[in-house]
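Would you mind keeping the following structure in view while I ask a few things?
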Amino acid sequence: MSALIMAGAPCVEALEEKQKMRVAALKEAGKEVCLAVVRVGDDPASIVYVRNKKKACERIGIVSREVLLGAEISQEALEAELDQLAADEKVDGILLQLPLPKGLDEKKALAHIPAEKDADGFADENAGTLINGTKGTLPCTPRGIMALLSFYGVDPKGKHAVVVGRSAIVGKPAALMLLNADATVTICHSKTKDLAKWTREADILVAAVGRPGFITGDMVKPGAVVVDVGINRTPDGLRGDVDFEAVSEIASAITPVPGGVGKMTVCMLMQNVIDLKEQKAAAAVE
């Protein structure tokens, strides 16, 4: 069996065309869409991520405002910057690039981004709407997973989805989104006994553990759909959490690394910001 490669680029291209039209419609109504990205320090990976977000904004027509702060900034000063952006009527979405330098509390800082401007979907209020199955801003990477599955015709309804990883950014929200899409969901993690027993039962397997090649061929059920969220820097280049060569011979579909879920994350950030702007515009009319 040779698996379908679920590349992110075709999906992003299709979604961006729709995003451009939505942004253009807002501009015609005199409403410019603005995303503020706050980067603290000079972490090389963060610099690349912020640059990619800026390029995506330019492609779609979103105003990108970069706030660059030194690594020595105090917690209070960082929170004051976020408060200022939260109060700025011209800013529709705020993203705090993580991780923060040592000494800064990410959770306390994120609490200064109001839910109505939470472009990343990390606010407690948005997490609550995901649990309740009501409308809110979704975390970008899990939302990207769901968009990718939809684009390639994978319907989670009635399927057994196994998520390996329980982070608040990917694992937990991905599990909830799959549950809301009527999948039966199992969450596995570092303390799960006999992990392979569970992964071999998955119709849809999501790997988000941050360990290169962790999911091997003997851990995957023939015909499963495998979503690899991992982006691990190794001497051999970027590698996912899945042994791609082995698993692609067993699975019916698989995402590549790079070029899979990673491409979707920035695209979903753009989607979130446009959603926030449209909601703000609708509320102003009411």
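Residues that are touching a residue at least 40 places away in the same chain (Cβ under 8 Å), β-branched (V, I, T), buried (at least 20 other Cβ atoms within 10 Å of the Cβ) and part of a helix (DSSP H, G or I): does the range 45-58 have at least one?
From the range 45-58, those touching a residue at least 40 places away in the same chain (Cβ under 8 Å) are 46, 49-50, 52-53, 56-57; that's our starting set.
Of the ones still in play, those that are also β-branched (V, I, T) are 50.
Of the ones still in play, those that are also buried (at least 20 other Cβ atoms within 10 Å of the Cβ) are none.
No, the range 45-58 contains no residue that is touching a residue at least 40 places away in the same chain (Cβ under 8 Å), β-branched (V, I, T), buried (at least 20 other Cβ atoms within 10 Å of the Cβ) and part of a helix (DSSP H, G or I).
Take I274 and decide whether it is buried (at least 19 other Cβ atoms within 10 Å of the Cβ) and on the phi < 0 side of the Ramachandran plot. So that I can check it myself, show each step before the final result.
On the way: buried (at least 19 other Cβ atoms within 10 Å of the Cβ): yes; on the phi < 0 side of the Ramachandran plot: yes.
Answer is yes for this residue.
Pairs under 6 Å by beta carbon, first residue touching a residue at least 24 places away in the same chain (Cβ under 8 Å) in the range 96-111, partner part of a loop (DSSP other than H, G, I, E, B) and surrounded by 18 or more Cβ atoms within 10 Å (Cβ to Cβ), six or more apart or different chains?
P101/G41
Regarding K157, is this residue surrounded by fewer than 18 Cβ atoms within 10 Å (Cβ to Cβ), modelled with pLDDT under 95 and either among the aromatic types (F, W, Y) or part of a loop (DSSP other than H, G, I, E, B) (or both)?
Numbers: surrounded by fewer than 18 Cβ atoms within 10 Å (Cβ to Cβ): yes; modelled with pLDDT under 95: no; either among the aromatic types (F, W, Y) or part of a loop (DSSP other than H, G, I, E, B) (or both): yes.
Here the answer is no, as K157 does not meet what is asked.
Let me ask you something else. Take the residues of the range 119-159 that are farther than 22 Å from D228 by Cβ and of a type in the set (G, A, S): which is farthest from the chain's Cα centre (by Cα)?
Residue satisfying both the conditions and the ranking: G158.
Is there any pair with a first residue in the range 148-170 that is under 19 Å from I215 (Cα atoms) and a second that is among the basic types (K, R) whose Cβ atoms are under 7 Å apart and which are 6 or more apart or on different chains, and what are they?
These pairs meet every condition: R166/K172.
Looking only at the range 118-138, which residues are of a type in the set (G, A, S) and either in a helix (DSSP H, G or I) or surrounded by fewer than 18 Cβ atoms within 10 Å (Cβ to Cβ) (or both)?
Initial filter on the range 118-138 (of a type in the set (G, A, S)): 119, 121, 123, 127-128, 133, 136.
The answer is A127, G128, G133.
Where residues in the range 187-243 are acidic (D, E) and farther than 22 Å from C140 by Cβ, which of them is modelled with the lowest pLDDT?
First pass over the range 187-243, keeping only residues acidic (D, E): 194, 201, 203, 218, 228, 236, 241, 243.
When the remaining residues are screened for being farther than 22 Å from C140 by Cβ, the result is 194, 201, 203, 218, 236, 243.
On the way: D194: 96, E201: 98, D203: 98, D218: 97, D236: 84, D243: 97.
Within the range 187-243, the match that is modelled with the lowest pLDDT is D236.
Next up: Residue check, G262 against (1) small (G, A, S); (2) over 25 Å from I94 (Cα atoms); (3) touching a helix residue (DSSP H, G or I) at 6+ places or on another chain (Cβ under 9 Å), all met but one. Which one?
Condition (2) is where G262 drops out.
Another question, if that's okay. Is the range 140-149 home to any residue that is out of contact with any strand residue (DSSP E or B) (no Cβ under 6 Å at 6 or more places or on another chain) and either outside any helix (DSSP H, G or I) or loosely packed, with under 13 Cβ neighbours inside 10 Å (or both)? Before you say what the answer is, go through the steps one by one.
Filtering the range 140-149 for residues out of contact with any strand residue (DSSP E or B) (no Cβ under 6 Å at 6 or more places or on another chain) gives 140-144, 146-149.
Now drop any that are not either outside any helix (DSSP H, G or I) or loosely packed, with under 13 Cβ neighbours inside 10 Å (or both), which leaves none.
No, the range 140-149 contains no residue that is out of contact with any strand residue (DSSP E or B) (no Cβ under 6 Å at 6 or more places or on another chain) and either outside any helix (DSSP H, G or I) or loosely packed, with under 13 Cβ neighbours inside 10 Å (or both).
While we're here: Condition first: in a loop (DSSP other than H, G, I, E, B), closer than 30 Å to K55 by Cβ and out of contact with any Asp or Glu (no Cβ under 7 Å at 6 or more places or on another chain). Can you find one or more residues in the range 237-257 that meet it?
Filtering the range 237-257 for residues in a loop (DSSP other than H, G, I, E, B) gives 240-241, 243, 248-252, 255-257.
With closer than 30 Å to K55 by Cβ added as a condition, the list becomes 240-241, 248, 255-257.
With out of contact with any Asp or Glu (no Cβ under 7 Å at 6 or more places or on another chain) added as a condition, the list becomes 248, 256.
Yes, the range 237-257 contains a residue that is in a loop (DSSP other than H, G, I, E, B), closer than 30 Å to K55 by Cβ and out of contact with any Asp or Glu (no Cβ under 7 Å at 6 or more places or on another chain).
Can you pull out the residues in the range 18-44 that are in a helix (DSSP H, G or I) and more than 27 Å from V225 (Cα to Cα)?
Here is the first cut: in the range 18-44, the residues in a helix (DSSP H, G or I) are 18-28, 44.
Within the range 18-44, Q19, K20, M21, R22, V23, A24, A25, L26, K27, E28, P44 meet the criteria.
Mind checking which residues of the range 121-180 are within 22 Å of P10 (Cβ to Cβ) and polar (S, T, N, Q)?
Result: T141, S150.
Residue under question is L68, and the condition is that it be more than 21 Å from T265 (Cα to Cα), surrounded by 19 or more Cβ atoms within 10 Å (Cβ to Cβ) and either modelled with pLDDT of 95 or more or touching a helix residue (DSSP H, G or I) at 6+ places or on another chain (Cβ under 6 Å) (or both); does it hold?
On the way: more than 21 Å from T265 (Cα to Cα): yes; surrounded by 19 or more Cβ atoms within 10 Å (Cβ to Cβ): no; either modelled with pLDDT of 95 or more or touching a helix residue (DSSP H, G or I) at 6+ places or on another chain (Cβ under 6 Å) (or both): yes.
When the stated conditions are applied, L68 does not pass them.
Hey, can you tell me all the residues within the range 160-170 that are surrounded by fewer than 23 Cβ atoms within 10 Å (Cβ to Cβ) and under 18 Å from the mean Cα position of the chain (by Cα)? Full working, then the answer.
Step one: list which residues in the range 160-170 are surrounded by fewer than 23 Cβ atoms within 10 Å (Cβ to Cβ), which gives 160, 166-169.
If the condition is that a residue be surrounded by fewer than 23 Cβ atoms within 10 Å (Cβ to Cβ) and under 18 Å from the mean Cα position of the chain (by Cα), then R166, S167, A168, I169 are the ones that fit.
Is it the case that the range 109-117 has a residue that's in contact with a Phe, Trp or Tyr (Cβ under 9 Å, 6 or more places away or on another chain) and either surrounded by 18 or more Cβ atoms within 10 Å (Cβ to Cβ) or part of a loop (DSSP other than H, G, I, E, B) (or both)? Walk me through how you get there before you give the answer.
At the first step, the residues of the range 109-117 found to be in contact with a Phe, Trp or Tyr (Cβ under 9 Å, 6 or more places away or on another chain) are 110, 113.
Those still in the list that are either surrounded by 18 or more Cβ atoms within 10 Å (Cβ to Cβ) or part of a loop (DSSP other than H, G, I, E, B) (or both) too: 110, 113.
Among the residues of the range 109-117, at least one is in contact with a Phe, Trp or Tyr (Cβ under 9 Å, 6 or more places away or on another chain) and either surrounded by 18 or more Cβ atoms within 10 Å (Cβ to Cβ) or part of a loop (DSSP other than H, G, I, E, B) (or both), which makes the answer yes.
The values are calculated or read from the model by the stated rules, or taken from the named source; none is laboratory data. Here the structure is a predicted model, which means the values were calculated and not measured. Neighbour counts are summed over all protein chains in view; Cβ atoms, including those assigned to glycine, are modelled from backbone coordinates with ideal geometry.
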